[in-house]
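The values are calculated or read from the model by the stated rules, or taken from the named source; none is laboratory data. In this text the structure is predicted, and so the values were computed from the model without any measurement. Heads up, the Cβs are rebuilt from the backbone with ideal geometry, glycines too, and the neighbour counts pull from every protein chain shown. Surface accessibility is based on the protein's heavy atoms, side chains included, excluding ligands, DNA and RNA. Shrake-Rupley method; radii C 1.70, N 1.55, O 1.52, S 1.80 Å.
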Amino acid sequence: MGKTLLGVHGGDIREMCRRFNKKPSEILDYSTNINPDAPEKALKAAKRAAKRMGSYPDTAYTSLRQAVCDYIHTKRNYIIPGNGATEIIYLAIRAAKGDRVGILSPTFSEYERACRIFSKKVVKIGFDYAEVLKNLDNFDTLVICNPNNPDGKLRDLEEIMDLMKLNYKTVIVDETFIEFSSDEDKYSLIKQVEDYENLIVIRAVTKFFGMPGIRFGYGVCSNKKLMKAMYEIKEPWSVNEFANTMCKAAFTDEDFVMRTKKYYREENLRVYDRLKELRFISAEKSETNFILCKIESNFLNSADLKDEMFKSHNILIRNCESFAMGDKYFRIAIKSREDNDRVIDALRDTTEYIHCLMEKLLLRETRNSTYGSLGEVVQGLYGDGECEFIYRIPKKSEITMRRYAVGIEDRNQPPKVQMAIREFLKYYSIAHSEIRKITVEYNSEIKHGKGMSSSSADIITTLKNMYSLYDIKIDDGQMLDIAVKIEPTDPVHLDGFCLFNTNEGKVVKDYGPCDFLKERLDIIVLEPDETLNTVELKESKDYKIIREMSRNNLKHAFELLDEGIREEDLQKIGRAAVISARENEKIMPKPFLEDIIKLSEKHGFYGVNIAHTGTAVAVLIDRKDDETELIRDIKKLGIDKYYKKIYRTTLI
């Protein structure tokens, strides 16, 4: 049977049991963050609901909505009931104005899934006011999970809400976990619903009341038009009689509410303190019934930890790779004190055992880095091949690699890194099976698809590491032979400056250290959000035709560059860069390029260079010059709407 098309939540206990031949009844499930307790009043009410199974629920759910508003202290007509919080999420996203939805991320996956279903564009934004402000023009509706899943943090949203009100944006706030927090009254936005009609707050009985099976959630909103839109697309009777009756009882169970809040306030801190004692795990403070953890060991990832905990201890934890947080994060629920201790003890034993075992099996560890560039000063056909002159900037790809005596099956190898490993093994006739014995820890400051030599830096850094792992002396010529088998390569491994044939990986003309460039030249980088697949572009038919047509103009650019370097004349180098930029723009047009060139000339700067198969642009500026007026003009012309990241940097 294939995978379900629906979203998968928690740790998928049935699939794990199938893989490891276990029964669900044997497993302690800490992947789902459900309160193991449930309101006694709700359980008793289930018997009353059973007697009414032969009748339809009230289509308006009048008494249920009244119970909700009594519980959260709001007005009944502000409540829309649903089949769990998920139904309200889908209704709210579908009914909200506009087709662009900002989602504070990383977070719960159903927000994005709902957007995809309703053909709405997703804009992922970091949990930061500055990030929201920067993306203000990119979304119509903002979705916030507070407290957030998976980090459990409860945030003060006052500043963000002021910004949303000022710009009349729709805001959907999922407060599914907020009742676990002792600061619920302080940070809940339910009290703002009355004053801001474009606010929708979502809650459910799933987590806090420990009743996921009855499926009940609700939205709170004062906007009559928005509520009408949600009711018009809502299915009738989506809340069954058991949910109707049990939830009304649950909301009146004050003893349960107080007892649960007290327990989780104390147990949360106790579990956090115990997790801090573990050598190879760090934990985030949480305001919910779960804690986000990070593995602090190079020898273990969250997927392997999940498997080992399940296989050896019958405990299921939540691997957080689906939150796009990397392979070191996992999440555990907080349940009974006894079970919490069992999970923590198992985490300690598992991580200690695997770490010690892997340390014994480690043969060698190495770390290298390579700087990126910002496009090309001059690029084009030169002689018999395609050549470029670049400068490096202080952004680098850093990779740590480890070689073990046995296969590890590392799942964290970026594509270009994996290709470089494979080509290295093939080039030096090393068994292909060795790739299973290599792990990669990848950390790059260089944005991909911007024309900043990210791929070249990744490939060269990987190859440097491979030489060290296999105790082979680095040979630049052979290293570049391997690199160009993967794709055309920039000379980011060289400390000096040169004219470089990117397809052959050879230095055509060596200019030496060119200290005057590093001492006198700075660049103003204009970086857009857009990226580009440079390999596909270079393989296109138009690319080759345009290259040939530009040969004569670029010949002049190469001559100016040569003179500028010989004479240490930055004006000539800048003119060469502008010629190259205009010719290479024919391959991939750069928005506002002519405006940027004119602004460079207006302010007396040296020129402009571009990433000919990337999206970034740079203004060449003297180190003693100030860029304030340039940036002011850029904003005046609206250029910053496309090139959203503008910053000054030096050459390496």
Checklist outcome for this item: For the chain, the charge dipole (Cβ of Lys, Arg +1; Cβ of Asp, Glu -1; about the Cα centre) points to a positive end, and the Cα of S25, Q66, Y427 closest to that extreme belongs to Q66
Next on the checklist: Using the Cα centre of the chain as origin and beta-carbon charges of +1 (Lys, Arg) and -1 (Asp, Glu), tell me which of I291, T366, P589 is placed farthest towards the positive end of the dipole.
Outcome noted: I291
Checklist entry - In whole Å, what three semi-axes, largest first, describe the equivalent ellipsoid of the chain built from its Cα gyration tensor (square root of 5 times each eigenvalue)? => result 54, 33, 20
Checklist entry - Cα centroid distance between region 55-94 and region 464-537, in Å? => result 60 Å
Checklist outcome for this item: the chain accessible area per residue, 1.4 Å probe, protein heavy atoms, integer Å², reads 45 Å²
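Just to confirm a number: summing +1 for Lys and Arg and -1 for Asp and Glu over residues other than N298 whose beta-carbon lies under 12 angstrom from that of N298, what do you get?
Working: positive: K328, R367, R402; negative: E296, D327, E359, E365, D410, E441.
Residues close to N298 contribute a combined charge of -3.
Counting Lys +1, Arg +1, Asp -1, Glu -1, what net charge surrounds L104 among other residues with beta carbon under 12 Å of its beta carbon? List each step's numbers first, then the result.
Values: positive: K124, K153, R155; negative: E112, D128, E131, D151, D174.
Summing Lys/Arg as +1 and Asp/Glu as -1 gives -2.
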Checklist outcome for this item: Under a 1.4 Å probe, counting only protein heavy atoms, Y264 has an accessible area in Å², nearest 10, of 10 Å²
Next on the checklist: Cross-link candidates for K311: which aspartates and glutamates have Cα within less than 14 Å, leaving aside residues fewer than 8 places away along the same chain?
Outcome noted: E15, E26, D29, D349
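Using the structure shown, select from K134/K602; K23/K328; K134/K635; K75/K224 the pairs with a Cα to Cα distance greater than 18 angstrom. Intermediate results must be reported in sequence, preceding the final value.
On the way: K134/K602 28 Å; K23/K328 27 Å; K134/K635 14 Å; K75/K224 13 Å.
As for pairs spanning more than 18 Å Cα to Cα, those are K134/K602; K23/K328.
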Next on the checklist: Suppose every Lys and Arg Cβ carries +1 and every Asp and Glu Cβ carries -1, with no other charges. What dipole size does region 1-150 come out with about its Cα centre, to the nearest 20 debye?
Outcome noted: 620 debye
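For each pair in K426/K464; K395/K555; K97/K124; K124/K153, compute the distance between the two Cα atoms and list the pairs where it is over 21 Å. Please report the intermediate quantities before stating the final value.
Working: K426/K464 16 Å; K395/K555 30 Å; K97/K124 18 Å; K124/K153 18 Å.
Violating the 21 Å Cα-Cα cut-off are K395/K555.
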Checklist entry - Straight-line reach from K47: which aspartates and glutamates have a Cα under 14 Å away, not including same-chain ones fewer than 8 places off? => result E241
Checklist entry - How far is the Cα center of region 133-197 from the Cα center of region 335-396, in Å? => result 34 Å
Next on the checklist: What aspartates and glutamates does K447 reach when the alpha-carbon gap must be under 17 Å and sequence neighbours fewer than 8 apart in one chain are set aside?
Outcome noted: E376, E398, D458, D490, E527, D529, E530
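So what is the calculated 222 nm ellipticity per residue for the chain, using -39500 (n - 2.57) for each DSSP H run with n of 4 or more, over all residues, to the nearest 500 deg cm²/dmol?
Numbers: 23 runs with 261 residues, N = 652.
After summing the helix terms and dividing by residue count, I get -12000 deg cm²/dmol.
If you roll a 1.4 Å probe over the chain with all protein chains in place, what percent of the accessible area is carbon or sulfur?
On the way: 14060 of 29230 Å².
Carbon with sulfur: 48 percent of the solvent-accessible area.
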